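Let me begin by presenting the structure, written as structure tokens, before commenting on it.
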Amino acid sequence: MPRGHLSVRVDASNRHHHLWNNNGVWWVHYTLNFDCRTRRVRRSLKTGSLDEAIRRRDDLFARLQAEGEDLPERATETEQSADQMPTRQRWFELWA
């Protein structure tokens, strides 16, 4: 798979761009462009501090601009076999 390259529009007047808080944890969202495809990515910044989240987002975006990112291909529903899907009993075991 080719490397994805960051594709974001940054509103300089909004220092919270591409960030959102989900139950006290800051997340970032961005788009990667591949040859003829795009992929939306959401990633936890694993912090409850807005200032730390901004720093981590800026570091991530700088790294993505310089290096790009490899993402694994997503399996389509037809590629997933029934044995890969958790059974009802397995769900109970996972959430017990």
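Here are a few things to note about the model shown:
- Qualifying residue in the range 17-32 (condition: polar (S, T, N, Q) and surrounded by fewer than 11 Cβ atoms within 10 Å (Cβ to Cβ)): yes
- Leading residue by the ranking (farthest from Leu60 (Cα to Cα)) among those in the range 1-16 that are hydrophobic (A, V, I, L, M, F, W, C) and exposed (fewer than 12 other Cβ atoms within 10 Å of the Cβ): Met1
- Within the range 39-76, the set of residues being at pLDDT 85 or above and farther than 23 Å from Trp26 by Cα comprises Ala66, Glu67.
- Hits in the range 40-55 (condition: under 14 Å from Asp70 (Cα atoms) and surrounded by 14 or more Cβ atoms within 10 Å (Cβ to Cβ)): Val41
- The criterion of at least 3 residues that are within 14 Å of the chain's Cα centre (by Cα) and over 15 Å from Pro72 (Cα atoms) is met by the following strands (runs of 3 or more DSSP E) wholly inside the range 1-61: 19-22, 25-33.
- Scan of the range 38-69 for residues that are out of contact with any strand residue (DSSP E or B) (no Cβ under 7 Å at 6 or more places or on another chain), among the charged types (D, E, K, R) and either under 11 Å from His5 (Cα atoms) or in contact (Cβ under 8 Å) with a residue 60 or more places away in the chain (or both), ordered by number: Arg63, Glu67
The values are calculated or read from the model by the stated rules, or taken from the named source; none is laboratory data. None of these values were measured; they are calculated from a predicted model. FYI the Cβ positions are ideal-geometry reconstructions off the backbone, even for glycines, and counts take in every protein chain you see.
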